[in-house]
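This report concerns only the one structure given below.
The values are calculated or read from the model by the stated rules, or taken from the named source; none is laboratory data. Small disclaimer: the values here were computed from a predicted structure and weren't measured. Here Cβ is always computed from backbone atoms with ideal geometry, including for glycine, and neighbour counts include all displayed protein chains.
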Amino acid sequence: MKNLNQMLKQAQQLQNQMADIQGRLEQTEISGASGAGMVSVVINGKGEMRAIKIDSSLIDPKEKEILEDLIIAAFNDAKSKLETYTQEEMSKISGGLNLPGGLKLPF
């Protein structure tokens, strides 16, 4: 019974730490860029886009598709950085637990 109580206590601590990380992630902003920095986006920890900046030299109606591709690339860059950051933060509390690869924590 002592081991069960200890496991429950550890599970509660892990849950509290995950909630703390989730709160910090929601406040985190990650930037991504493409086109040598001519397009940049900022997303929050939930992956929601918060800002976009486009160099005025890219605004040419004839080059619309290139601009669209650069926006997508900048967003994907930011999203990749967010996933890496999230994994790093989660590994701090998982203490080396080998969690399944597809497990999306804390979301």
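Side notes on the structure shown:
- Any hit, the range 38-48, residues being on the phi < 0 side of the Ramachandran plot, among the charged types (D, E, K, R) and at pLDDT 95 or above: no
- Within the range 1-34, restricting attention to residues that are within 30 Å of K53 (Cα to Cα) and of a type in the set (D, E), the residue that is modelled with the lowest pLDDT is E26.
- Residues within the range 75-94 that are over 17 Å from Q22 (Cα atoms) and at pLDDT below 90, tallied: 0
- Any pair with Cβ under 6 angstrom, 6 or more apart, that starts in the range 80-99 at a residue that is within 18 Å of I43 (Cα to Cα) and ends at one that is surrounded by 12 or more Cβ atoms within 10 Å (Cβ to Cβ) and at pLDDT 80 or above: K81/I30; L82/I30; E89/I21
- Scanning the range 50-65 for residues that are modelled with pLDDT of 95 or more and of a type in the set (A, V, I, L, M) gives A51, I52, I54.
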